[in-house]
Amino acid sequence: MDVLEINKVLQDEATGLLDETKLLDTLSTIGRVELGGSYVYGTMVLEDVDIAVIVDEKDITYDFRKRTMNLLLDIEGLDGIAMTDRAHFPRNQMPRGLYCGPLIWYNNRKWNIDIWFVTLDEPYSHINLKLHKKMLKITEGQRQTMLNIKYAALKDGSKINSVTSSEIYIAVLDNGIKSLTDFLEYNKRVTKLR
């Protein structure tokens, strides 16, 4: 199976998971739901879906955190859930909001769902990042290159250990990177400059 087929299978499965668990319906009772990441961009190589839920800042309270976790605990197939409160305990260059990461079994695969509850103007939310806006306009050639690099990085362990999808997207879009070898060399240079 080539990377475009892998992406299509994963996108279809992700859609099935979201439909069958009614996760988006559940989240829409809390705020406005915005899908993002590789599911939206058509660059999936892993079982992962990124979601932002837009809420009012005044709503992100300790009680909100508890109610949200209780809602997510009812997801069918839930294997576990991570939670990080960056609304009350902010960290640099992280969205200010509540993060919940349910792990859900679907079609004999464990899916990682990254959910950020943030305000509409949160600068570190995917919906406000310049990269997100660029990714919504990629060409099929860029998509193929990104998928090839992401898949190769996954197979050689780079993707799991240190390489992020965003780094790959930026390398392809802004620097014309075409292969994993070129990306890893480029990434070493960029890392040294930080």
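The values are calculated or read from the model by the stated rules, or taken from the named source; none is laboratory data. Keep in mind it's a predicted model, so treat the numbers as computed, not measured. Please note that ligands, DNA and RNA were not included when accessible areas were found on the heavy atoms of the full protein model with its side chains. Shrake-Rupley method; radii C 1.70, N 1.55, O 1.52, S 1.80 Å.
Please figure out what share of the DSSP beta bridges in the chain is antiparallel and state it in percent, rounded to the nearest 5.
75 percent
Taking only Cα atoms of region 1-88, what ratio of Rg to Rh do you get with Rh as the Kirkwood inverse-distance radius?
Using Cα coordinates only, the ratio equals 1.01.
Can you return the lysines within cross-link range of K155? Criterion is Cα-Cα under 22 Å, with same-chain partners fewer than 8 residues away left out.
K8, K110, K178, K188
Once both axes come from the Cα atoms, what is the angle between helix 62-72 and the longest principal axis of the chain, in degrees from 0 to 90, rounded to 10?
Taking Cα atoms only, the helix is inclined about 70 degrees.
Where Rh denotes the Kirkwood radius from the mean inverse Cα pair distance, what is Rg over Rh for region 1-157?
Radius of gyration relative to Kirkwood radius: 0.97.
Would you mind pulling out the separation of the Cα centroids of region 14-49 and region 87-151, in Å?
Computed from Cα coordinates, the inter-centre distance equals 11 Å.
Ignoring ligands, DNA and RNA, please state the percent of accessible area on the chain from carbon and sulfur, probe 1.4 Å.
Within the chain, the accessible surface is 50 percent carbon and sulfur.
At 20 °C and a viscosity of 1.002 mPa s, what translational diffusion coefficient does Stokes-Einstein give for region 85-193, taking Rh as the Kirkwood radius over Cα pairs? Give it in µm²/s as a whole number.
136 µm²/s
For the chain, what does the accessible surface come to per residue with a 1.4 Å probe? Please give it in Å².
55 Å²
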